[in-house]
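Visitor: Here's a structure for you.
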Amino acid sequence: IHFPYKTGNGSLSSTIMTTGGSLQDIYVSMAILIIALASSLTKKLTPRGAATGALLAWIIWLGTGLYALGAMFTFFVLGTFATAWEKGKKQQIKADRAMEGHRDVANVVANGGVAAGLAIIALMFPQHQSILQQAVIAAFAAACSDTFSSELGNAYGKRYFRILILRPSPPGPDGVVSIAGLAFGIAGSAIIAVFSWLAIHDFRAFFIITLSGFAGNIADSVLGDTLQRKDLLNNHHVNFLATATGALIAFLLLKIIEIP
């Protein structure tokens, strides 16, 4: 079975997945399994959530390569750190309710489902793999931007307001943001966008991915201030749509500018 994917240096290649596989395939698969097991044992993910995460990671690796997979793992590590940071303070203002308990399948799919879907498309249409790889990275940039804005923004924010009407609001409700949170969101998106530059060495793509990820974060807040407040969407739906927004904007901008 032929699985086209991006190797570490960004060149398009094909590998025949035999029983043993290549050394790189074996190393990456082992790393995915070890991280999934560790995530379950440390209760960062439920066993089902860890298994789902491992499956999505494997798909992303096969379809869009090492840098896309690196973006996923970096988001998971930084997101876990941001969620745990100043958790007591965030619980006091009831801003951490969406992350109570351990992350399950729904959390994993909400943040990684779009990326995995794009990776499957890349497997089907390898001629578009490079731009789809960038869209995958943008999806995780949006997820990281949103997580940093909500978690670190609620830890350090001073003035909060509703994203659509700009009216002051207490922290916690859907669609409420802070200046500090927005700044953290830009930083989170930029961190993940580094993988875009590593993949194709184009600073224009880096800025596009950073912008697209932050746009996905803004879309999350807008959806929270509208449909989620009316209970038409839940937090998982909003996260999924936010990552889709980031990926779509990146794809369109990269197409217009003809990168990569």
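Visitor: Select from the stretch 167-236 those trypsin sites (Lys or Arg not before Pro) which occupy a DSSP coil region and have at most 16 other Cβ atoms within 10 Å, ordered by residue number.
Guide: Working: sites: 204, 229, 230; in loops: 229, 230.
Of the trypsin sites (Lys or Arg not before Pro), the ones in loops of the stretch 167-236 whose Cβ has at most 16 other Cβ atoms within 10 Å are 229, 230.
Visitor: Using modelled backbone amide H atoms (1.01 Å from N, in-plane), which distant-in-sequence or interchain residues come within less than 5 Å of residue 160's amide H?
Guide: Long-range HN contacts for residue 160: 169.
Visitor: Beta carbons within 10 angstrom, averaged per residue: use that to sort the peptides 136-145, 119-128, highest first.
Guide: Details: 136-145: 35.2, 119-128: 17.2.
Taking the mean over residues of other Cβ atoms within 10 Å, the ranking is 136-145, 119-128.
Visitor: Residues of the stretch 160-187 with amide nitrogen under 18 Å from the 7 Å Cα-to-Cβ point of residue 207?
Guide: 186-187
Visitor: Same structure again: Using Cα pairs under 8 angstrom and six or more residues apart, how large is the relative contact order of the chain, in percent? Walk me through the intermediate numbers first.
Guide: On the way: 481 pairs, mean separation 52.2, N = 260.
It comes to 20 percent, rounded to a whole number.
Visitor: With a bin width of 10 angstrom, please list the P(r) values of the stretch 161-260 as percents of all Cα-Cα pairs, from the 0 bin to the one holding the largest distance.
Guide: 16, 42, 28, 13, 1
Visitor: Ok, one more. Once Rh is set to the Kirkwood radius over Cα pairs, what Stokes-Einstein translational diffusion coefficient, in µm²/s, holds for the chain at a temperature of 20 °C and a viscosity of 1.002 mPa s?
Guide: The estimated diffusion coefficient comes to 117 µm²/s.
Visitor: Take each uninterrupted DSSP H stretch in the chain, measure its Cα extent along the helix axis, and return the ones at 15 Å or beyond whose mean Kyte-Doolittle hydropathy is at least 1.0. Mind showing how you got there, number by number?
Guide: On the way: long enough: 23-41 (27 Å, 1.79); 47-84 (31 Å, 1.27); 105-124 (26 Å, 1.90); 129-156 (39 Å, 0.53); 179-200 (32 Å, 2.14); 203-223 (30 Å, 1.30); 235-257 (33 Å, 1.32).
Qualifying helices, which must be both long enough and hydrophobic enough, are 23-41, 47-84, 105-124, 179-200, 203-223, 235-257.
Visitor: For a quick check of understanding: with a 1.4 angstrom probe and all protein chains in place, what accessible area in square angstrom does residue 211 have, to the nearest ten?
Guide: Around 100 Å² of this residue is reachable by solvent.
Visitor: Still on this structure, please answer the following. Check cross-link reach from residue 90 to the lysines: straight Cα distance under 22 Å, and skip same-chain residues fewer than eight apart.
Guide: The qualifying lysines are 43, 44, 158.
Visitor: Given +1 on the Cβ of Lys and Arg, -1 on the Cβ of Asp and Glu, and no further charges, what dipole in debye does the chain carry about its Cα centre, rounded to the nearest 20? Each step should come with its number before you reach the end.
Guide: Details: 18 positive and 13 negative charges, 125 e Å.
Charge dipole, the chain, about its Cα centre: 600 debye, nearest 20.
Visitor: Given a 10 angstrom Cα cut-off, can you work out which residue in 227, 45, 69 is the most mobile in a GNM of the chain?
Guide: 227
Visitor: Can you give the three extents of the C-alpha atoms in the stretch 83-233 along their principal axes, from longest to shortest, in whole Å?
Guide: 49, 31, 29
Visitor: What ranking, highest mean first, results for peptides 182-188, 22-28, 196-202, 108-114 when packing means the other Cβ atoms within 10 Å averaged over each residue? The partial results should precede the final answer.
Guide: On the way: 182-188: 22.0, 22-28: 13.3, 196-202: 20.0, 108-114: 24.0.
Ranking the peptides 182-188, 22-28, 196-202, 108-114 by packing returns 108-114, 182-188, 196-202, 22-28.
Visitor: Provide 152, 66 ordered by accessible surface of protein heavy atoms (probe 1.4 Å), highest first. Show your work: numbers first, answer last.
Guide: Details: 152 15, 66 65 Å².
Result, largest first: 66, 152.
The values are calculated or read from the model by the stated rules, or taken from the named source; none is laboratory data. Because the structure is a prediction, the values reported are computed rather than measured. Virtual Cβ from ideal backbone geometry, glycine too; neighbours counted across all protein chains shown. These accessible areas exclude ligands, DNA and RNA; they are computed on the full protein's heavy atoms, side chains included. Shrake-Rupley method; radii C 1.70, N 1.55, O 1.52, S 1.80 Å.
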